[in-house]
């Protein structure tokens, strides 16, 4: 009796507080309802078949294993996207919403301390075994163990453990109560424990699994691989999920081949000569001038811009706050004034780039003009710890449009430096204790296209720029110990900012060697605001906090902001077609692999039918 | 006394025979003039005006450093003579400035250039265009040529002296000295030069002097083999025996009698060693192991050209300079060889064959020293 009543209470509680849903949105409701047929940005009737030829898109120009999860060796390209599947996948037209893929439904704890996934009944691995809760737990435990690459361990570090609720239900328990951890759990790739089992029944330890054919649940299987040169994937005709709404109209190519090139210039030339089909270019040097020739004239290869709404991450160059000379905000501001972004953009990038102007550029979280009342209310408690400028207008970055303003900017920089006590005498800019102002930068063996103009401006101010060439290992080590003056810095691109901000700006990490707080920001205000942002309950709350945080960060002049692109620059073979509707937030390569199709596939099907 | 006389006359004869070969002779004249021209680079190609007349004072910016405040500016450290403001200051009213013909130094960033994006094609501003970072190609080629040739001269001189010295000692004393010397050279030769360079380039910050030391360590070996063989042959000849019988000290016999008669391979190889040294520097720069920083370097320009095939002017002009230099040196070398070769009555006809055979010989010899 007692048991029954507790059970009843338990179920009552469960019914009240959690809903098993087909998807989960960080804020608000998912755009697509439970009975949706397909995403808006796919063509549900796209023909299947044909082939897609890609070149290496990542850094790896060769591979020696089919295991993307362990540390040793270099994995083949495409494995994560094609062979393995995650519990849930993102829709590409909502800021942060994911829908069940391996999972049929998703239940989230009311206080966001856990998430539960119930797996599809039909989900099966390529060896026809069903995908069960135990496999999910096995995948999680493997990826967070020492057998997997530390990247995965770090990625899943905020998930405490995975519990098996029943045969097809798993629960992820979080260390921190947060909405964004749901997405981290949902992006867990699932693989079979039988992967690495030899014919004789022996088990190869996960860290040593390399060329053993992977057992995943994804739509493609490896067809042929030639080490260091090429890998081909073949679509699995019996793929379990081909009728799922999240998969309809996607992954249409019968074959996907990756060709590997060791050298970027060769890669570009190979595209010119038609060796592969698509390339998403991010170097404007190539885009502007190198995609020329017969295939472009005849229309076989096309160049097209695809606009996207991916929020640009804050990237740029940072000054080390641990060094005495950079502690004064006026000095940092002067150094940022000396940089002529418009010059670099025009002379080197042919004006293709925009400049990041906020920590949340182009999103609803970016601050504008004067702070609103809600923002002021947030900032008021910290008034005595903040620069009065924070309560005024938002930062306007120095610009040199119209051209020629650089002189005015440099004069402003000189003034700021003088205010901070740096005056030119005896051949250098010196402070009261007669130390010269030097900046050590990492040098290059050739001319440094991007920064030579900046160094010239610093020289005009009397700052001594010391270029130092060092090998990557040494540089990495020095950065780890925060022994640097000036370094490049990038935040991860995130549709909704969360833990990456905390990792890069929290005070505690500033004194921990190897942490992500490279700049060395130590501000209780920033700590508090980021924490609030991570705990935001709604989109509007997140926006207010984001704006306030943006003001504090930008007025700190920590980063010399750099560039972003608001389009994907794609070269593609005209044989390939795309859905009419573009997604909003997407990576060009993943989008092309997932939603494009081969128009030749139709004619082959037709001719087969005729025969 | 007699040997000095013969040397003089043979020197004059050599020059006469060399002059007789028009191609080689003119190549020599052109090469030397080009080098002298490049040595005067600061006057020809510089970003600082030669003379500035400002407020009734004369200034010589290419010799002296003046802060911008001299010309009514605000920055106390450095004057950018391309800044429109400075330009206006030094040219308005009675003021004037005389710029060099090519108004760029090899590390002049034409900040205020009207060009589109870099690398900019040849234009009135930049006769040969610019490289990827916006430096003037003509200036970089001029200074690149100068630095390459200077480096090659130094390397050749040092390598030759060392090679002759070691070869002479081995050849003259023969016996145990020769035997152990050869074994040591074999061991030395077995050290992989390129790896050593790569390792050192990552330990020390790469500089010309480091490259010079490292390349010098190995550049003498081949030559010492030839000198050794010549010495081994000559030491048995009558005039040497006579000198020894007369009690002349060894160093004098070597210096006065054998050396002048063993110099044929040394002189013949000089131009080829020069071109080899130029190529060595260029290839190391091409691989990114050479000169660092914004220093002018032909190899670095080559690699830029390779990466930017559409910027044809980079590859074309760099290739032109490099090929021109090497071609001139080869012609000089041919002429020198013919001038030194007493066996051939008709020098011009045999030239090409000689060049070919001697090259393959030299490779064999350096690969497997006797």
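Need one value for B:305-313: mean number of C-beta atoms belonging to other chains within 10 Å of its residues' C-beta atoms.
Averaged over the peptide's residues, the number is 3.
Hey, could you pull the Cα Rg and Dmax for segment A:409-554, both in Å?
Values for segment A:409-554 (Cα only, Rg and Dmax): 18.7, 58 Å.
Between B:150, B:70, B:264, which gets the highest mean-square fluctuation from a Gaussian network model of chain B, Cα cutoff 10 Å?
The residue that fluctuates most here is B:70.
How big is the gap, in Å, between the Cα center of segment B:255-332 and the Cα center of segment A:454-508?
Computed from Cα coordinates, the inter-centre distance equals 38 Å.
May I ask you to compute the full-extension gain from residue A:300 to residue A:511, defined as 0.36 nm times their residue separation minus their alpha-carbon distance, rounded to one decimal in nm?
My answer for the length gained is 70.4 nm.
Explain nothing, just the number: relative contact order of chain B, from Cα pairs under 8 Å at least 6 residues apart, as a whole percent.
20 percent.
Strictly greater than 15 Å: what percent of every Cα pair in segment A:334-389 meets that? Can you show the working numbers first?
Values: 1046 of 1540 pairs.
Roughly 68 percent, rounded to a whole number.
How far apart, in nm, are two points set 7 Å out from the Cα along the Cα-to-Cβ line at residue A:364 and at residue A:71?
Calculated label separation equals 4.3 nm.
Where the centroid of each part is defined by its Cα atoms, how far is segment A:343-421 from segment A:50-103 in Å?
38 Å
What is the packing order of peptides B:99-109, B:207-217, taking the mean over residues of other C-beta atoms within 10 Å and listing the highest first?
Working: B:99-109: 20.3, B:207-217: 16.5.
Result, highest mean first: B:99-109, B:207-217.
Which order do the peptides A:144-153, B:226-235, B:309-318 take when ranked by the mean count of other beta-carbon atoms within 10 Å per residue, highest first?
Those peptides, ordered most packed to least, come out B:226-235, B:309-318, A:144-153.
Set the Förster radius R0 to 30 Å, insert the Cβ-Cβ distance between residue A:528 and residue A:481 as r into 1/(1 + (r/R0)^6), and round the FRET efficiency to 0.05.
Taking R0 as 30 Å, the efficiency between residue A:528 and residue A:481 is 0.60.
Per the Kirkwood definition applied to all pairs of different Cα atoms, how many angstroms is the hydrodynamic radius of the protein assembly as shown?
33.9 Å is the Kirkwood radius here.
Beta carbons within 10 angstrom, averaged per residue: use that to sort the peptides A:535-543, B:151-159, highest first.
So the peptides A:535-543, B:151-159, ranked by packing, come out B:151-159, A:535-543.
How high is the FRET efficiency between residue B:195 and residue A:391 when r is their beta carbon distance and R₀ equals 56 Å, given to the nearest 0.05?
Values: r = 61 Å, r/R0 = 1.09.
Efficiency at R0 = 56 Å is approximately 0.35.
What number, rounded to the nearest 500 deg cm²/dmol, is the helix-based mean residue ellipticity at 222 nm of the protein assembly as shown, given -39500 (n - 2.57) per DSSP H run of at least four residues and division by all its residues?
Details: 34 runs with 407 residues, N = 981.
For the protein assembly as shown, the value works out to -13000 deg cm²/dmol.
How large is log10 I(q)/I(0) at q = 0.16, 0.18 Å⁻¹ when the Debye formula is applied to the Cα atoms of segment B:1-113, each weighted equally and without solvent?
Normalising to I(0) and taking log10 leaves -0.77, -0.91.
In peptide B:75-81, how many Cβ atoms from other protein chains are near each Cβ within 10 Å, on average?
Going residue by residue through B:75-81 and averaging, the value is 6.
If you stretched the chain out fully between residue A:405 and residue A:198, how much longer would it get, using 0.36 nm times the residue separation minus the C-alpha to C-alpha distance?
Length difference between fully extended and current span is 67.6 nm.
Counting pairwise Cα distances across segment A:515-611, what percent come out greater than 22 angstrom?
When all Cα pairs of segment A:515-611 are counted, 61 percent exceed 22 Å.
Using all Cα-Cα distances in segment A:482-543, what percent lands in each 5 angstrom bin from 0 up to the longest?
Binned Cα distances yield the sequence 4, 19, 24, 24, 16, 8, 4, 2, 0.
How many angstrom separate the Cα center of segment A:300-332 from the Cα center of segment B:76-115?
32 Å
Starting from the Cα-Cα distance between residue A:121 and residue A:419, subtract it from 0.36 nm times their residue separation and give me the gain in nm to one decimal.
Result for the pair: 100.3 nm of gain on full extension.
Suppose R0 equals 51 Å. What FRET efficiency, 1/(1 + (r/R0)^6) with r the Cβ-Cβ distance, do residue A:600 and residue A:329 give to the nearest 0.05?
With a Förster radius of 51 Å, E is 0.25.
If contacts are Cα pairs under 8 angstrom and at least 6 residues apart, what is the relative contact order of segment A:364-459 in percent?
It comes to 15 percent, rounded to a whole number.
For peptide B:108-120, compute the average count of partner chain beta-carbon atoms within 10 Å of each residue's beta-carbon.
Across the residues of B:108-120, the mean count of other-chain Cβ atoms within 10 Å is 4.
Of the candidates B:283, B:202, B:27, which one comes out as most mobile in a Gaussian network treatment of chain B with C-alpha springs shorter than 10 Å?
B:202
Take every Cα pair under 8 Å in segment A:132-277 that's 6+ residues apart, average their separations, divide by the length, and report that relative contact order as a whole percent.
Values: 165 pairs, mean separation 22.6, N = 146.
The value is 15 percent.
FYI, it's all coordinate maths here, none of it is from the lab. Model, not experiment: these values are computed from the prediction. No Cβ is skipped: glycine too gets one built from the backbone with ideal geometry, and neighbour counts run over all protein chains shown.
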